[in-house]
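Worksheet for the structure shown next.
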Amino acid sequence: MSEESPKQNPSILRHIPNAITSVRLVVAAVFPFCPESSHLLLVGLGLATEFLDGFTARAFKWTSYLGQILDPVADKLFVLSVSLTWVWLGKLTVLQWLLLGLRDFGVLFIFLALIGLGKIRSVRSVEARMPSKMTTAFQYLVFLLVLTESTQYLTPLALLTAAIGLIATAHYAYLLRHAFR
């Protein structure tokens, strides 16, 4: 009895991007309980999985409905976990945290409002656009500033992240508005 090679059974491989995304979910769950000495490694792992899940899904055409939902949820939970942990530890202020999460709060509000209005009956993903990707990149830059203790730049970068996040939220609202016409 021989084992099937990956080329003979590509359906197994198509789950790799979701497995990578799942790593970010696990990191988000354990981050608040890990020693500060491991934060650099964990944020690096979060950043690596942020890039690799989407890259492998697109490069090998292993996209899935689950991945379209799981990836943004993992992104938001990771940012929430790291940033709230750092608010608790005094590395971020509540204002910096709110600025950092403005896009995520906005998208959540829009989503809940649409559910409340009966406009959404099932969850479907809207493909991430450049302003949203830039917001995520700036969130990670804020994380790197915290890790390198470059606190003088935290608030200006959090403000920039919030501004780009507002653009991303407005764009997301526009896309959703037209999706339900």
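Identification of helices (runs of 4 or more DSSP H) wholly contained in the range 1-71 with 3 or more residues that are modelled with pLDDT of 95 or more yields 16-30, 39-59.
For V79, the stated conditions do not hold, so it cannot be described as part of a helix (DSSP H, G or I), outside the structural domain of V23 (by TED's automatic domain parsing), buried (at least 17 other Cβ atoms within 10 Å of the Cβ) and at pLDDT 95 or above. Annotation: of all residues in the range 27-37 being surrounded by fewer than 13 Cβ atoms within 10 Å (Cβ to Cβ) and without any contact (Cβ under 8 Å) to a residue 40 or more places away in the chain, the one that is nearest to the chain's Cα centre (by Cα) is V30. Filtering the range 129-161 to residues that are over 15 Å from the mean Cα position of the chain (by Cα) and within 14 Å of F105 (Cβ to Cβ) leaves only A158. Just one of the listed residues (A59, A74) is surrounded by fewer than 15 Cβ atoms within 10 Å (Cβ to Cβ) and among the small types (G, A, S), namely A59.
Residue by residue, here is whether (1) within 26 Å of P131 (Cβ to Cβ); (2) touching a helix residue (DSSP H, G or I) at 6+ places or on another chain (Cβ under 8 Å) holds:
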{"residue": "I12", "(1), (2)": "no, no"}
{"residue": "H39", "(1), (2)": "no, yes"}
{"residue": "A74", "(1), (2)": "yes, yes"}
{"residue": "S83", "(1), (2)": "yes, yes"}
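The values are calculated or read from the model by the stated rules, or taken from the named source; none is laboratory data. Note that the structure is predicted; figures quoted are calculated from it, not measured. Positions of Cβ are backbone-derived with ideal geometry, glycine not excepted, and every protein chain shown enters the neighbour counts.
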